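A.B. asks: Next up is a structure, given as structure tokens.
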Amino acid sequence: MRLKRQKTYKKYMGVYQHSFGFREPYQIIVDGNFIKVAQNSRLDYKSMLQETVVGKTRIMTTNCVINELRSLGEDFMGAALAAKRLEKRRCPHGGNPVNAADCIKEILGDTNQFNYCVATQDLNLRDYLRRIPGVPLIYINRSVMILEPPSPATTNKVKEIEYNKTIPNNYENAIIKNNTDTPEEAPKSKKRKGPKQPNPLSCKKKKVNPNNQQQQKKKINEDEKKEEEEVAEVENTEVEKPKKKRRRRTKKKKNNNVEANNDTNNEINQKNENEEEEDNDEEE
Ligand SMILES: [Zn+2]
């Protein structure tokens with residue numbers, strides 16, 4: 001079988017699996033004319049059926065089918081013998097065998113609740129079975145075994161099943177009614193969670209510094225003419241500030257190396273500190 005067709009057939013069987021509960025081994029009811037055509041074409045129809053439904057199979061027939069084949073004369077004796085060797089699906093007709101098509105119709109009923117596939121060359125029977133949702137139909141066309149695509153009745157039923165899955169059942173409705181309070185509370189908690197106000201820890205420094213700088217700038221603008229000299233001093237101190245710290249560090253490093261000059265260095269450090277304090281006073 002071609003890979004492309006096998007893929008399609010697997011997709012078809014997937015529909016029957018998901019929506020109608022078909023499971024391996026797939027139960028396939030074969031009728032007399034299907035066996036006869038398979039024999040005429042010398043087809044290994046059992047293995048071909050497995051390939052067609054892409055899975056394990058249980059091939060079965062009914063007593064009515066065997067009886068019909070026997071009644072058709074010598075031409076159908078081989079088919080009758082082959083059918084006799086198959087698994088027999090019990091049918092309600094027992095001692096009063098009926099037409100094979102009617103027998104299969106009766107076994108499937110209106111819903112095909114036992115998930116049978118049907119392999120038949122009978123056009124009328126296939127036409128009838130297409131109206132029942134969820135019946136995979138197989139036939140032979142020029143020694144090629146064909147699995148019919150899901151019938152409109154089947155696809156409509158699938159849509160209905162999928163739609164019903166979206167509707168909450170009684171149990172789910174009960175849960176929804178009980179939980180009507182929680183949805184009202186849930187958004188409140190979400191509102192609380194969301195940061196409406198800026199994080200004070202992250203914004204304090206950013207907000208305070210620019211304000212001071214702006215205020216300083218405003219003051220500078222206002223007093224620009226009067227206090228040009230003072231402003232220059234403030235700027236100089238701001239620029240010099242980090243330099244002083246660097247000097248101190250270098251001196252401290254030197255302290256480690258030269259212990260004898262500790263006293264003089266301490267004096268220098270104290271002087272620097274005093275100068276810094278003065279600078280701070282000026283800034284404020
Ligand atoms: Zn029967």
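No lab work stands behind these numbers, since they all come straight from the coordinates. As the structure is a prediction and not an experimental result, all values here were calculated from the model. Heads up, the Cβs are rebuilt from the backbone with ideal geometry, glycines too, and the neighbour counts pull from every protein chain shown.
A.B. asks: For a footprinting-style exposure proxy, rank Asp102, Asp75, Asp31 by other Cβ within 10 Å, fewest first.
C.D. replies: Starting with the residue having the fewest Cβ neighbours, the order is Asp75, Asp102, Asp31.
A.B. asks: I'd like the Karplus ³J(HN,Hα) series for the range 20-33: coefficients 6.51, -1.76, 1.60, θ = phi - 60°, whole numbers in Hz, and an x wherever there's a Gly or Pro.
C.D. replies: Whole-Hz 3J(HN,Hα) from phi for the range 20-33: 10, x, 5, 9, 6, x, 6, 8, 10, 8, 9, 10, x, 5.
A.B. asks: Sort Phe20, Phe114 by Cβ crowding within 10 Å, fewest neighbours at the top.
C.D. replies: Phe114, Phe20
A.B. asks: Taking the Cβ of Pro92 as the centre, find all other residues whose Cβ is under 15 Å away and add up their charges (Lys, Arg: +1; Asp, Glu: -1).
C.D. replies: Combined, the nearby Lys, Arg, Asp and Glu give +2.
A.B. asks: Okay, next question. For the range 3-163, take N as its residue count and report Rg(C-alpha) divided by 2.2 N^0.38 Å.
C.D. replies: Normalised Cα radius of gyration, the range 3-163: 1.00.
A.B. asks: In the structure displayed, which of Lys10/Lys36; Lys7/Lys165; Lys7/Lys46; Lys11/Lys159; Lys157/Lys177 lie more than 21 Å apart, Cα to Cα?
C.D. replies: Check vs 21 Å cut-off fails for Lys10/Lys36; Lys7/Lys165; Lys157/Lys177.
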